[in-house]
Amino acid sequence: MLITRPRRMYMLLVLNRLPLFIFVAAVLFSAGDIKAQCCSTGSPVGASTYVGVLNKNAVRAISFYRHSFSDIYYKGTNPSDDAVDMSDNAFYDFAGLSVEYGLSHRFTLQADAGYFFNKVVNFHNPQLTDHNGRGMSNGTVLLKYGIYIDPVKLIEISGGAGIKYPFTRQPATAPNGSLLHLDARPSTNAFGFTGTLLLSKEFAPLTLRTFLLSRFEYNGFNINDYQTGKLFSSSLFVSKKIAKRLFGIAQLRNELHGKDIQDGEVQNNTGYFLMVFTPQISYSIAGLWNLSFLYDVPVFKNYQGKQLTPQYSYAISLTRDFSNCTFKRKITD
Amino acid sequence: MEKHSLIKSFPILIILLTIAISGGCKKEDDAPQTQTDKIEFVSLVVEKDNIEITELTKVSATVKGNNLTYIWKCDNELGVFEGSGAEVLFTICHGGTFKVTCEVKDNANNKASKDVYVTCVE
């Protein structure tokens, strides 16, 4: 088979990057000893709109940092008017890394992992020492499949399935040896499954792209027979070029979180429906790098029982493509 | 070409799913109530066995032995302990009756444990 010169150079480029990819993947898979996520204060969702499948041998790395703050208890759809709460507030600082590799033109393998620099619960009662957890969150390995890709009509429908895995099965402990409060733990310490579905349509003349991303997560039990509830989230994105290399993105996301279970017993103060509006700006550098900033504003909350709820969250992300990945790059450049 | 890639990718998926299924849903056996010759667990007392949510109650262990290490556990992951050693404070943000366990061990790895129950009213 004849290989054209640009094609050969492209293959060489990919081969040169392969050791880097393998190294990052090895780090993601081998951090077994590192202490290991999350409850009503919200899960650290990523900060990238790059969610489709890649071309064969293409590599993409997405890194992001997120800060989240929670300080208002809700009962149903309204703030609680109780005089005493368990915590005054809770917050976390989280860094995530996602690496994607195009196995073929249809299949893309994705590996995600992240680290909580802190995950703090400030108890209201001054007799209690605040809990501060840090360590690896759960990792995810996902295989995405391009169900329908039309590069002319700029339509993509892709689905993915994968596993969530903990870096340790042992729940994180406080300095006194007892278990950390659930909201302060960096990991669920349990295996799980995840599935995604993406519907994307681009309007190139308008430099506009819309997509709907749905994600389902099932969490297994940890060693103490505690199971974090199922999560179903759906995000609607509208992305529009507003200046050269600058994009504005509006996201409306809803999260439906099922109730947690302990020893077969449903936990009352768990489970919620949350709707978040996220404005985002994204700047493309040389068609390979992409810098984004986003801010999460909760617009509707419905929490079962009484729970501490997220107030705001912001994230910054940096994306690097190691090849000309998908048709969506056409409007980026 | 594309069929080839598809077939190549399937074993990876199967391996990942096998790892997930074999590692998940495992439960550790509950620690049995134990007593050895080296450690004598005399008593485990809770100051108030009925508390309101976020209220603290003192739990005290009396144990005979040397170089003892105390490990405090609740059968609900939401239980919070303050302090360490033979006397701790306990609270929880959920209603229900919860088992509080104190496990004690010494340098020779002799172990003993006792349970008490605390009811939390919402």
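Data table
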read-out	value
Residues A:Lys56, A:Lys201 arranged by fewest to most Cβ contacts within 10 Å	A:Lys201, A:Lys56
Relative exposure of A:Ser323, A:Ser292, judged by other C-beta atoms within 10 Å (fewest first)	A:Ser323, A:Ser292
Shielding by partners, peptide A:159-166 (average Cβ within 10 angstrom, other chains)	3
Out-of-range pairs (alpha-carbon distance over 31 Å; input A:Lys301/B:Lys58; A:Lys301/B:Lys114; A:Lys144/A:Lys230)	A:Lys301/B:Lys58; A:Lys301/B:Lys114
Candidates per trypsin sites (Lys or Arg not before Pro) in region A:226-333, loop by DSSP, up to 11 other Cβ within 10 Å	A:Lys244
Potential extension, B:Asn67-B:Asn109 segment - 0.36 nm per residue separation minus Cα distance	14.1 nm
Sequence of A:Tyr73, A:Tyr65 once ranked by neighbouring C-beta atoms within 10 Å, starting from the fewest	A:Tyr65, A:Tyr73
FRET efficiency, A:Lys244 to A:His67 (Cβ-Cβ, R0 30 Å, nearest 0.05)	0.50
Cut-off 12 Å (backbone N to label point 7 Å along Cα→Cβ of A:Thr77), residues of region A:283-314	A:300-303
Phi-based couplings in Hz for region A:272-284 (Karplus 6.51, -1.76, 1.60; Gly and Pro marked x)	7, 10, 10, 10, 10, 9, 10, x, 8, 10, 9, 10, 9
Amide hydrogen neighbours beyond the local backbone of A:Gln311, cut-off 5 Å, H modeled	A:Phe69, A:Ser70, A:Asp71
Largest-first ellipsoid semi-axes for region A:209-278, taking √(5λ) over the Cα gyration tensor eigenvalues, angstrom	36, 11, 8
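No value in this document is a laboratory result; all are computed from the given coordinates. Not measured: the values here are computed from a predicted model. Methodologically, a virtual Cβ is constructed for each residue, glycine included, from the backbone with ideal geometry; neighbour enumeration extends over all protein chains shown.
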